Amino acid sequence: CVRSARPPFAQVQRFPKTLVTLTTPMYKYRAPTRFMRLVGIAGAGAVTFALSRTPVSRMGAPLLMLLLIAFVTGSRYSIPMPRGRGQVSVLNTFVLLVILLFGGDAAVTFAAATALCLSLSQGRDKTVILFDASISALSTILLVWTLRLNFGTVLERGTTAYSYSFVEALLLAT
């Protein structure tokens, strides 16, 4: 029985000695750009629909001040999700506050504006900026219309009665 001079793991070289560099950049988002543009168009439609239903009198200095406060705090504070799967921004609580104070349609515009400002401050690509703002607007309009269809207009501005359905709608929104 003759043994070889080399150990068995040294017989085959599996990795090349030179590093391979990638010529194309790695994207953070796995979605193709066509899908991102389609979502951007849908989000622009949602914002346009919300703006057409919102009276101009609701879009004033208090909403702009809340937008500024949300942008300043939202860009600094976020809550990490368990197991490192991402982060939840504080902006969602401001969106719920705008639903209560100014109505659902103003909240859709508010959510899109805050996501747009936050993406612009991070220096992202134009498609990614549009995608982030559109996702925020679409999720907010989905929440608003789910609450409207299930509970009526209990969370709209001008309703002063706090009923059982108001508390249910608040718990569902959070």
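Using packing as a proxy for protection, rank 61-70, 37-46, 136-145, 109-118 so that the peptide with the highest average count of other Cβ atoms within 10 Å comes first.
109-118, 136-145, 37-46, 61-70
For the range 37-138, with every protein chain kept in place, what is the accessible area per residue (1.4 Å probe, Å²)?
56 Å²
Mind ordering 121-132, 95-106 by average Cβ neighbours within 10 Å, highest first?
Order by mean packing, descending: 95-106, 121-132.
Ignoring any ligand, DNA or RNA, what whole percent of the accessible area of the range 32-77 comes from carbon and sulfur when the probe is 1.4 angstrom?
The value for the range 32-77 is 71 percent carbon and sulfur by accessible area.
Can you give the FRET efficiency to the nearest 0.05 for L51 and S78, using r as the Cβ-Cβ distance and R₀ = 22 Å?
Here the calculated transfer efficiency is 0.20.
Shape verdict for the range 78-127, please, from the Cα gyration tensor: rounded (a/c under 1.5), prolate (a/b greater than b/c) or oblate.
In terms of gyration-tensor shape, oblate.
Give me the accessible area of M81, 1.4 Å probe, in Å² rounded to the nearest 10.
Accessible surface of M81 is approximately 90 Å².
The values are calculated or read from the model by the stated rules, or taken from the named source; none is laboratory data. What you see is a predicted model; the values in this text were computed from it and never measured. Note that each Cβ is placed from the backbone with ideal geometry, even for glycine, and that neighbours are counted across all protein chains shown. Note: areas computed on protein heavy atoms with side chains; ligands, DNA, RNA excluded. Shrake-Rupley method; radii C 1.70, N 1.55, O 1.52, S 1.80 Å.
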